[in-house]
Amino acid sequence: MAVKILVIGSGGREHTMVWKLAQSPRKPRLYCAPGNAGIESLATCVPINADDIAGLKTFVQSEQIDLTVVGPEAPLALGIVDEFREAKLKIFGPTKSASRIEASKVFSKEIMASAKIRTPAAQSFDHLAPALAYLEQHELPVVVKADGLAQGKGVVVATTHEAAKQAVRDSMEHAVFGPAGQRVLIEQFLDGEELTIMAFTDGRTVSPMLPAQDHKRVGDGDVGPNTGGMGAYCPAPLGTAALCEEVTKQVFYPAVETLSRMGCPFQGVLYAGLMVVKGLPYVLEFNARMGDPETQVILPLLKTDLLEVIEAVVEHRLDQLRVEWHAETAVCVVMTSAGYPGSYQTGCVIDGLPPLPDPATMVFHAGTARTGAKIMTAGGRVLGVTGLGKTLAVAQAEAYRMTRSITFDGAHYRTDIAHRAFACRP
Ligand SMILES: Nc1ncnc2c1ncn2[C@@H]1O[C@H](COP(=O)(O)OP(=O)(O)O)[C@@H](O)[C@H]1O
Ligand SMILES: [Mg+2]
């Protein structure tokens, strides 16, 4: 009997995970909760939200799902892995206590201090007055971070003391992030190049993925407001073999060992958000799951069966698996609704989606929904179009060739994804 797998989530990351799992030679039977209009063609979508732990558990038990794979951070922070393990259900992802490395930036700094991981200096505050007083003396720019999960909106890089204080007040006094912002970190600003490196880990062995870079700003040339991610590319030339090895040895192993020693072993995907300054990697943050849109460029380059990797992690035998990668490149262009990341309209018909799989491009759905035979926009980030190629220039051309053929009212995308790669001299 085919192995039954449930993927939790509904974005481009989850579409990519489902798409990759569908290629497993073991032909798994795939389910996704809640999924989207693209995932539907590969998996049975079930209308259970990603943070409805009880609902997900009931579904897994009644459908006799063999393995659950968690996409987003919210169910991890709620303790889905602990609950599933208690019920003897196989699940891929870190426990609630291990996922604090993402869900609390203060905890993450404590781990880094204990593991001697290079990271910008920071001070945490639980009260408004001392935070404001501390800011007075701080050099500019300065970075203000809400401690908890804030859907990518909890960080302000302030260039004036006034703006920094406003960020602290918004977080602590006006509680714009709710309890997540009652504690803040005030952090030293680093000027460098950002890089993402993720790793599979079973709590003992670390298997790093290829380095990637994403584009957070909404507009060409990296201008305008921050978004959930407008595109990504992989491998990023900034992530040289030497740098990746250094990050494996000086970041991932110490972090994983420290978490284990503290009684919260980490199993799943550990994401290091890095700032590379004069060739030295500093950790800005850890995430406890795969990144979006980085997943849309990394998993297409994974040669090893993703199901084998996930099982090796869950069964603590990653040391026995050689994870291999294709010697290719990938570029993902995210198509968004007009107005995103501000308010935007949904329910626009999407035209030009390829009827058949195209060998050089994949269209990963994020905010989409089906109405009859039509696929409509249903979110801010709508699609992620990934092009593959021998070089980044070819992958970029493939991604844009497909992007240009897809249309919907008010569609926006950046036209310069991967531009940093072409200018990079690591
Ligand atoms: N110390 C820092 N120096 C410079 N830029 C920073 C610093 N910390 C964060 N940033 C910027 O803010 C973004 C978001 O910060 P991050 O710590 O990754 O939090 P989150 O992803 O949870 O919003 C980073 O991708 C980076 O661009
Ligand atoms: Mg980040």
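Numbers below:
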read-out: Positive minus negative residues near SER114 (Lys, Arg vs Asp, Glu; Cβ under 14 Å); value: +3
read-out: Given charges at Cβ of Lys, Arg, Asp, Glu: the stretch 121-188 dipole, positive-most of VAL157, ILE186, ALA175; value: ALA175
read-out: Neighbour-count ranking [beta-carbon atoms within 10 angstrom, fewest first] of PHE252, PHE59, PHE177, PHE266; value: PHE59, PHE177, PHE252, PHE266
read-out: Euclidean distance between Cα centres, the stretch 267-294 to the stretch 49-84, Å; value: 25 Å
read-out: About the Cα centre, charge dipole magnitude for the chain (Lys/Arg +1, Asp/Glu -1 at Cβ), debye; value: 520 debye
read-out: Positive minus negative residues near PHE59 (Lys, Arg vs Asp, Glu; Cβ under 15 Å); value: -1
read-out: Per-residue [θ]222 nm for the chain (sum of -39500 (n - 2.57) over DSSP H runs n ≥ 4, rounded to 500); value: -8000 deg cm²/dmol
read-out: Cα→Cβ-extended label distance, 7 Å offset, between ALA2 and LYS374, nm; value: 3.2 nm
read-out: Net charge of Cβ neighbours under 12 Å - reference GLN23; Lys, Arg +1; Asp, Glu -1; value: +2
read-out: Distance between modelled label sites at ASP126 and ARG169, nm, 7 Å Cα→Cβ extension; value: 2.5 nm
read-out: Under the Karplus curve 6.51 cos²θ - 1.76 cosθ + 1.60, θ = phi - 60°, whole-Hz ³J(HN,Hα) for the stretch 227-244, x wherever Gly or Pro sits; value: 10, x, x, 9, x, 7, 8, 7, x, 7, x, 4, x, 5, 4, 5, 5, 4
read-out: Distance between modelled label sites at ALA327 and ARG261, nm, 7 Å Cα→Cβ extension; value: 3.9 nm
read-out: For the chain, built as a Gaussian network whose Cα springs stay under 10 Å, the top-fluctuating residue of MET198, MET172, MET230; value: MET172
read-out: Check: the stretch 121-188 dipole with +1 on Lys, Arg Cβ and -1 on Asp, Glu Cβ, in debye; value: 160 debye
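No lab work stands behind these numbers, since they all come straight from the coordinates. None of these values were measured; they are calculated from a predicted model. Virtual Cβ from ideal backbone geometry, glycine too; neighbours counted across all protein chains shown.
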